[in-house]
Amino acid sequence: MVKQHIELEVESAIILEALAIELKVLRAKLAISQEQLALRAGVNRTFVGKIETKTSQPSLLVLLRLLKALEVSFPEFAQALMERVTMLDHVKKRKVAAGSGKRRVSS
């Protein structure tokens, strides 16, 4: 049970990281600032910043407003998000595998 809880926390962290990256990528494609995105979506600029720094997560309604402001459909975003999650998960697993092969040096 504890292992499953830890795996869910790691998975959640990866999803939040992927969400942050995807929002930044979409914002960059439109060449708009956090403030411009916030105004278009009707949310606070600091909240957009918190999402992009993984310190907050949007509700589904806020996410849909952000996506509309970013001119992207939910299915398109969901697909890009899952691709990003998969990529980040592979990177994390490679780091863990590389770290487990290191020798410990006693002092």
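The values are calculated or read from the model by the stated rules, or taken from the named source; none is laboratory data. Just so it is clear, the model here is predicted, and its values are computed rather than measured. For the accessible areas, the whole protein counts, side chains as well, though only heavy atoms, and no ligand, DNA or RNA atoms are used. Shrake-Rupley method; radii C 1.70, N 1.55, O 1.52, S 1.80 Å.
For this structure, a couple of remarks:
- For S56, distant residues with modelled amide H under 5 Å away: I51
- Once the 1.4 Å probe is applied to the protein heavy atoms, the stretch 5-78 comes out at 60 Å² accessible per residue.
- Per-residue 3J(HN,Hα) values for the stretch 22-28, derived from phi via the Karplus relation 6.51 cos²θ - 1.76 cosθ + 1.60 with θ = phi - 60°, read 5, 5, 4, 4, 5, 5, 5 Hz in sequence order (x marks Gly and Pro).
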